[in-house]
Amino acid sequence: MNDPRQPMVPEKIVYFRRELPPLSETIEGEHVIEADSPHVPLSAHPDEVWTQCSDSLTAEVVRRIEQEVRRQGGSCAHVVDEEVEPHHDYTTSTMWLRGRYTYVLYRH
């Protein structure tokens, strides 16, 4: 029984790579979602650009997969494949990452 004095800890919804969802879950199907990171100036150091874009892209992917899990009535998702590519726009001197993530949707 939960102690009402303890704050509720949200359950994890998105699992990446080797993280496994609970064994009690049932597979509902495989889905794909795409997302972009924010655009950053090309003048930044390449390592800084990659780190900044990668972190933002991961946060956006988690947000969108959580949204899809709720919309489809699931309980969690396991990202099983990801393809991340850099993109450039030389007219605006910006760079960003575009990711395509394949995930498995689970239900209780």
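The values are calculated or read from the model by the stated rules, or taken from the named source; none is laboratory data. Everything numeric in this text was worked out from a predicted model, so none of it was measured. Please note: Cβ atoms are built from the backbone with ideal geometry, for glycine as well, and neighbour counts cover all protein chains shown.
A few remarks follow.
- Of all residues in region 31-41 being in contact with a helix residue (DSSP H, G or I) (Cβ under 8 Å, 6 or more places away or on another chain) and assigned to a loop (DSSP other than H, G, I, E, B), the one that is farthest from GLU85 (Cα to Cα): PRO38
- From VAL61, VAL32, residue being β-branched (Val, Ile, Thr), modelled with pLDDT of 90 or more and buried (at least 17 other Cβ atoms within 10 Å of the Cβ): VAL61
- In this structure, ARG71 does not qualify as of a type in the set (Lys, Arg) and surrounded by 14 or more Cβ atoms within 10 Å (Cβ to Cβ).
- Where a residue in region 22-36 is touching a residue at least 24 places away in the same chain (Cβ under 8 Å) and of a type in the set (S, T, N, Q) and its partner, wherever it lies, is assigned to a strand (DSSP E or B) and surrounded by 11 or more Cβ atoms within 10 Å (Cβ to Cβ), with Cβ under 6 Å and at least six apart: THR26/ARG107
- The number of residues in region 82-108 being closer than 20 Å to GLY29 by Cα and outside any strand (DSSP E or B) comes to 1.
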